[in-house]
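One structure is given here, and the rest of the page talks about it.
The values are calculated or read from the model by the stated rules, or taken from the named source; none is laboratory data. Not measured: the values here are computed from a predicted model. Because the Cβ atoms are built from the backbone with ideal geometry, glycine has one as well, and the counts that use them run over all protein chains shown. Calculation scope for accessible area: heavy atoms of the full protein, side chains included, ligands and nucleic acids excluded. Shrake-Rupley method; radii C 1.70, N 1.55, O 1.52, S 1.80 Å.
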Protein chains: 2
Amino acid sequence: VPAFRITVAYDGTGFVGWQRQPGGPSVQGLLEDALGELEGGPVDLTGAGRTDAGVHALGQTASFTLTKSFDTGAVQRALNARLPGTVRVVEARTAPDGFHARFDARRKAYRYQIWNGDVASPFVRRFAWHVPGPLDVASMAAGARLLEGRHDFAGFQSAGSDVATTERTIFHSDVRLAADDAFGDGVPGRLVVYDVTGDGFLRHMVRAIVGSLVDVGRGRRRPAWVSEIVGSKRRDAAGRTAPAHGLCLVRVEYAQDGAKVRMASTDGLRAGQIPVE
Amino acid sequence: VPAFRITVAYDGTGFVGWQRQPGGPSVQGLLEDALGELEGGPVDLTGAGRTDAGVHALGQTASFTLTKSFDTGAVQRALNARLPGTVRVVEARTAPDGFHARFDARRKAYRYQIWNGDVASPFVRRFAWHVPGPLDVASMAAGARLLEGRHDFAGFQSAGSDVATTERTIFHSDVRLAADDAFGDGVPGRLVVYDVTGDGFLRHMVRAIVGSLVDVGRGRRRPAWVSEIVGSKRRDAAGRTAPAHGLCLVRVEYAQDGAKVRMASTDGLRAGQIPVE
């Protein structure tokens with residue numbers, strides 16, 4: 001049975017999330033429908049992880065099998081021809097027998113974008129949380145770096161989760177100023193970006209971290225408070241959950257690919273684009 | 001009578017264009033409605049120029065008068081509070097008596113973005129024309145530069161225009177590679193940008209230029225063909241009109257501001273953002 005792995009980019013704005021569910025269009029649902037036309041029957045698609053409603057992806061991955069043998073380029077073209085422009089298959093490859101996009105994933109990289117300016121530009125609003133007022137990026141970065149390592153992240157997990165363990169390893173966690181005066185003299189402001197890579201993430205974990213880091217950036221909390229939230233293991237210790245639309249699943253890494261972690265470049269990141277690290 | 005001048009940024013995707021007209025929401029209409037609430041009666045808004053359906057703006061300008069005296073910051077905040085997030089007033093200032101946003105404009109700067117890659121990224125699709133296949137950027141730039149100077153641009157004007165003269169002066173016209181591999185290993189491709197500044201533009205002129213430059217980039221025409229279109233003064237001599245959604249009105253300059261022309265920076269431009277030159 002030919003197994004495939006695809007890499008998918010999507011603008012999450014109009015979706016109920018990755019996972020097929022009642023109430024609106026899902027990315028998984030659109031892909032399964034397109035695959036069903038290709039296969040001539042139902043196809044189950046397994047994503048590396050569920051992204052929430054409004055969350056974007058540059059490099060979500062998913063696996064599936066087809067009964068017929070298809071060239072990977074043909075699979076990619078056939079899917080893109082059937083999908084709306086908000087969802088693009090950016091790569092298709094064959095996968096080893098038994099490959100599972102979720103269980104075999106070793107690392108995931110997320111990016112969260114904050115637009116820090118008085119006026120929220122129409123061009124970043126789909127892909128960045130608008131936070132007006134002063135924001136101390138260096139303090140946010142100091143707080144972010146305290147999360148690197150193996151920790152129990154129960155303090156950053158939303159209620160309603162059901163996971164065996166709340167321990168996760170964060171390989172890289174940093175906040176940086178990606179663009180100073182990104183709109184020239186048009187829409188003054190700056191793009192502040194949080195990049196995080198880990199072996200897995202709890203429900204709403206990245207967004208709860210970002211909400212807390214913004215409290216640090218506003219001077220309401222010290223950077224060390226981030227470690228106190230981890231130590232407390234209580235979700236009510238953390239800041240608010242940042243909105244979904246600033247978040248993007250950048251990349252999923254597999255052992256068979258060597259699971260290299262490249263550090264994010266600080267050059268030239270711009271909103272509405274979110275380059276892969 | 002207090003006169004005001006505002007600078008407006010908008011994502012043109014969902015609009016019938018700048019100008020109020022039947023058939024859908026216009027940027028002018030939304031602004032006039034918001035101003036009407038402020039004034040307590042109808043307000044006429046004059047834009048520097050009409051942008052077509054789907055065309056974006058970073059720095060459209062418009063003028064209006066109010067009977068009451070308002071602080072410029074209050075005008076900006078009141079308008080933004082009433083407008084959807086796709087339209088933002090990025091600056092409000094008082095204007096000299098008799099100021100007219102259209103008649104007093106001295107120069108306009110437009111930018112056109114082309115996404116050159118096999119797959120159109122979901123993150124640039126609202127703000128860039130997707131042109132797959134090889135594109136010779138150096139040839140496009142050579143053709144673009146031939147347009148600088150005072151010329152009769154009738155060859156790049158759409159039918160249905162009614163203007164006194166089709167002569168215009170182009171101060172700056174250039175094509176550049178704004179981002180090479182803009183999406184890292186996510187969505188491979190490159191962003192090609194056309195920047196043009198002139199004392200005025202005919203109907204669909206920038207889009208007809210871009211359509212012709214893409215013919216040059218594809219190797220179907222030589223760069224000198226651009227001058228032949230100008231010489232012909234016949235619209236059917238030019239290439240197709242490029243789609244609206246790649247175009248953005250970047251800036252309008254007035255004599256009272258010194259009408260300085262700054263050259264575009266080649267650093268860090270990214271799609272979905274379109275920094276001001």
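Look at the range A:216-240 and say how many of its residues are in a helix (DSSP H, G or I) and of a type outside the set (V, I, T).
Residues in the range A:216-240 being in a helix (DSSP H, G or I) and of a type outside the set (V, I, T): 9 in total.
Out of the residues in the range A:82-98 meeting the condition of being touching a helix residue (DSSP H, G or I) at 6+ places or on another chain (Cβ under 9 Å) and not in a strand (DSSP E or B), tell me which one is surrounded by the fewest Cβ atoms within 10 Å (Cβ to Cβ).
A:P96
State yes or no: is B:T94 within 17 Å of B:Q28 (Cβ to Cβ), out of contact with any Gly (no Cβ under 9 Å at 6 or more places or on another chain) and among the polar types (S, T, N, Q)?
no
For residues that are farther than 14 Å from A:P84 by Cβ and in a loop (DSSP other than H, G, I, E, B), tally how many sit in the range A:6-49.
Qualifying residue count, the range A:6-49: 15.
Go over the candidates A:A3, A:A101, A:A62, A:A34 one by one and state the one that is out of contact with any strand residue (DSSP E or B) (no Cβ under 8 Å at 6 or more places or on another chain), open to solvent by less than 20 Å² (accessible area, probe 1.4 Å) and more than 14 Å from chain B (Cβ to nearest Cβ).
After ruling out the rest, the residue left standing is A:A34.
Criterion first (of a type in the set (G, A, S) and open to solvent by 20 Å² or more (accessible area, probe 1.4 Å)) does B:G143 satisfy it?
no
Does the range A:54-71 hold any residues that are farther than 19 Å from A:G41 by Cα and hydroxyl-bearing (S, T, Y), and which are they?
A:T61
State whether one or more residues within the range B:215-234 are open to solvent by less than 30 Å² (accessible area, probe 1.4 Å) and within 14 Å of chain A (Cβ to nearest Cβ).
So far as the range B:215-234 goes, no, none of its residues is open to solvent by less than 30 Å² (accessible area, probe 1.4 Å) and within 14 Å of chain A (Cβ to nearest Cβ).
Scanning for something within 12 Å of chain A (Cβ to nearest Cβ) and within 16 Å of the chain's Cα centre (by Cα), does the range B:70-84 turn up at least one residue?
No, because not a single residue in the range B:70-84 is within 12 Å of chain A (Cβ to nearest Cβ) and within 16 Å of the chain's Cα centre (by Cα).
What are the residues in the range B:126-140 that are part of a loop (DSSP other than H, G, I, E, B) and surrounded by fewer than 19 Cβ atoms within 10 Å (Cβ to Cβ), if any?
Within the range B:126-140, B:P132, B:G133, B:P134, B:D136 meet the criteria.
Has the range B:146-156 got any residue that is farther than 28 Å from B:G17 by Cβ, within 14 Å of chain A (Cβ to nearest Cβ) and either hydroxyl-bearing (S, T, Y) or surrounded by fewer than 15 Cβ atoms within 10 Å (Cβ to Cβ) (or both)?
No, the range B:146-156 contains no residue that is farther than 28 Å from B:G17 by Cβ, within 14 Å of chain A (Cβ to nearest Cβ) and either hydroxyl-bearing (S, T, Y) or surrounded by fewer than 15 Cβ atoms within 10 Å (Cβ to Cβ) (or both).
How many of the residues in the range A:50-81 are part of a strand (DSSP E or B) and β-branched (V, I, T)?
Result for the range A:50-81: 2.
Consider A:T67 against the criteria (1) under 14 Å from A:T94 (Cα atoms); (2) touching a residue at least 60 places away in the same chain (Cβ under 8 Å); (3) out of contact with any helix residue (DSSP H, G or I) (no Cβ under 7 Å at 6 or more places or on another chain); (4) not hydrophobic (A, V, I, L, M, F, W, C): it satisfies all of them except one. Which criterion is unmet?
Looking at each condition in turn, A:T67 falls short on (3).
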